[in-house]
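Before any comments, here is the structure.
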Amino acid sequence: MPAPGTQNETVIQGIAASQGIAYGQVFLYIKNDVEFPSYHIDAGKHTEEIARLEQALLVTRQQIQKIQAEVEKNLGNEEARIFDAHLLVLEDQALIAETIRELEQTSKNIEVCFNNVSQRYIKAFAEIDDEYLRERAGDIRDVAQRVIQNLLGQTAQNLARLAGKRIIIANDITPSDAASIDRGHAIAIVTDSGSKTSHAVIVARSMRCPAIVGLRDLTRHVRDGDWVLVDGYDGSVILNPTEQTLFRYGKIQTQKRGIEQRLHEASRRPSITLDGVAVPLRANIEKVDELQLVKDNCAEGVGLFRSEFLYLRNHHIPSEQEQYLAYKTAAESLAGAPVTIRTLDLGGDKPLAGNPGLFPPEANPFLGFRAIRFCLEHTDLFKEQLRAILRASAHGNVLLLYPMISGAGELARANAILDECRAELRRAGTPFDETLQVGTMIEIPSAAATADLLARQSDFFSIGTNDLIQYTLAIDRGNDRIAHLYEPAHPAILRVIRNVVTEAHQQKRKVSVCGEMASDPVYAALLLGLGVDELSMTPPLIAPVKYLVRAMKMTDARALAAKALKMDSPEEIHAMCENFAAARMVMD
Ligand code: PEP
Ligand code: MG
């Protein structure tokens, strides 16, 4: 790998996670806690330290006001109000007075004093038994980081506002970072860590921009503003590409655009196999803004609305009314097409930043206090969401989906709470759909093994292959070191899916797949051949899957699955499925 600034063309291989080609300047995003030195300040210099603090508070205030004005212009008043709380932190006289007292008592530099005091505040707020006040801990943390960066003369980084078209190269992108990405300006997402199912990748796919993960230490070898080429088809990042390379990629891009046009045309047609089997293709979305994408890509409604992004994006817990309005907008906008709202899946790789009170640190977050486990303990929050979903069901074709169910007892408890919410709404005379379909995500092996029991209490299943593969194969879905072992075509996965489908169909329950496996044409035919009824994916990937569906016979897909079930090598199963798709997706 070259030293930063070296001019030679260098190709670095990672894992291709979202297709496409991009060429542009780097926006380097390093997520670290701000580090600062600690040193002694003579008593005579205390006034200067206080002046430095005042200056940093002033600069921070101006920065936040600027952000607030931009957010108001681009996203509206509601979103901009979040920053009011940040501005209030800067005006907190107690915090400032305590920092000065700390300086007088310890004679440490002002960064240390301000950090000590703000950490005490964060801890105190995080422990308060009041949701609103607990959330203030997150505001203080954000603002304190910014003030310390200003004291050190560093520029705060922000993925939400890029100065023009940029390729984001990051050491890591958390789900809440991913939710804030400036969709108008990010043209590719590249990360040192991560895997094909990380949320940064899911966002890249929804933006139709290339993504590459697992580049280990690329961030140490590029600088802000370097020119790079990102090939999301084969997973390579090319630093300082030569004219020849750019020319070659220009030709590839033209060719790909032609293919995209053909796919786009196919996406306007019905999703039916050559032998007449209809295959509903639905959309995965994270926010209401994506409803236009659902329509543009001709998805038959929403198969997965990841509702936790309403929480992650705003860094606060939305009220019942806020949630109701979001779900109602989705239901109305899709005019009768299904909108499957998954209840909160926070925790795991999606902690709610700034809420250590709700999500205490855990040694194994993926095996920890996540999703339905969190909801069944915080029934107040859970009920608010359930009521919001029920109320929205009066305005369209809403379905409800529980994540991370591990067994029949847990499902029974969730359903009992849902019944309580139904009863409350009935008593209040609030309308909702009495026939609302309630589904269960199958993403934990114990749920798959008890699919027969779960089917008795569910109207439908949705298989979350991202987690199901992670838990079945014991492969952390976010760990790039073992990403090569994350094998959707593993015989164990095929058997698990086959068994879930068999049990569900015996009780006349439909099965959808909403993990990333559904959006890959290599696996789509295999899943359908295993008996899966519907597929749900990020909207821009509907076109290639629909192209395949329209070019294949279901009888052939069943034969493919039957053959795959007899094979023992994931590589050979993958190759067979790849050939199946390639033979039907000829575009020349
Ligand atoms: C899954 O696990 O496949 C899934 C769709 O859920 P998420 O990716 O949000 O965990
Ligand atoms: Mg999941």
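Among residues other than THR430 with Cβ under 13 Å from its Cβ, the summed charge is +2 (Lys and Arg +1, Asp and Glu -1). With the charge dipole of the chain set up from +1 on Lys and Arg Cβ and -1 on Asp and Glu Cβ about the Cα centre, the Cα lying farthest toward the positive end among the listed residues VAL201, HIS574, ILE341 is that of HIS574. Please report, to two decimal places, log10 I(q)/I(0) for the range 469-584 at q = 0.16, 0.18 Å⁻¹ as given by the Debye formula with identical point scatterers on the Cα atoms and no solvent. Treating every Cα as an identical point scatterer, log10 I(q)/I(0) equals -0.74, -0.95. Relative to one another, the C-alpha centroids of the range 405-424 and the range 257-297 are positioned 34 Å apart. Placing pseudo-labels 7 Å out from each Cα toward the beta carbon at GLN13 and SER236 gives an inter-label distance of 1.0 nm.
Can you pick out the pairs among LYS350/LYS383; LYS256/LYS566; LYS123/LYS350 whose Cα atoms lie more than 29 Å from each other? Over 29 Å Cα-Cα: LYS256/LYS566. If both residues of a DSSP beta bridge must be in the chain, then about 35% of such bridges are antiparallel. Of the residues GLY368, GLN321, PHE309, the one whose Cα sits farthest towards the positive end of the charge dipole of the range 292-420 is PHE309 (charges of +1 on Lys and Arg Cβ, -1 on Asp and Glu Cβ, taken about the Cα centre). Charges were assigned to the Cβ only: +1 to each Lys and Arg, -1 to each Asp and Glu. The resulting dipole of the chain about its Cα centre is roughly 1740 debye. With the highest mean first, a sort of the peptides 364-373, 212-221 on other beta-carbon atoms found within 10 angstrom per residue produces 212-221, 364-373. Between ARG161 and ALA582, the modelled label-to-label distance comes to 4.8 nm, taking each label 7 Å out from Cα in the direction of the beta carbon. The length gained on full extension between ARG223 and THR47, counted as 0.36 nm times the residue separation minus their Cα-Cα distance, comes to 59.6 nm.
Its relative contact order, with pairs defined as Cα atoms under 8 Å and 6+ residues apart, puts the chain at 15 percent. Charged side chains reduced to their Cβ positions (Lys and Arg at +1, Asp and Glu at -1) give the range 349-463 a dipole of some 180 debye around its Cα centre. Put a plus charge on the Cβ of each Lys and Arg, a minus charge on the Cβ of each Asp and Glu, and nothing anywhere else: the dipole of the range 317-402 about its Cα centre is then about 180 debye.
Using the Cβ-Cβ distance between ARG481 and PHE366 with R0 set to 22 Å, the FRET efficiency from 1/(1 + (r/R0)^6) comes to roughly 0.90. Taking the C-alpha atoms only, the angle from helix 554-566 to the longest principal axis of the chain is near 70 degrees.
When the Cα positions of THR465, ALA559, PRO488 are compared along the charge dipole of the range 433-572, ALA559 comes out farthest toward the positive end, with charges on each C-beta of Lys, Arg, Asp and Glu. By its C-alpha gyration tensor, with a ≥ b ≥ c as the square roots of the eigenvalues, how is the chain shaped: rounded for a/c under 1.5, else prolate for a/b larger than b/c, else oblate? Oblate shape, in that a/c is at least 1.5 and b/c is the bigger or equal ratio. Relative to the longest principal axis of the Cα atoms of the chain, helix 379-392 runs at roughly 60 degrees.
Restricting the trypsin sites (Lys or Arg not before Pro) of the range 484-588 to loop positions (DSSP other than H, G, I, E, B) with no more than 13 neighbouring Cβ atoms within 10 Å leaves LYS508.
Using a simple spin-label model with pseudo-atoms 7 Å out from Cα toward Cβ, SER38 and THR245 lie 4.5 nm apart.
A short reminder: the numbers here are calculations on the coordinates, not readings from a lab. Fair warning: this is a prediction, and the values are worked out from it, not measured in the lab. Don't worry about glycine lacking a Cβ; one is built from the backbone with ideal geometry, like all the others, and counts go over all protein chains shown.
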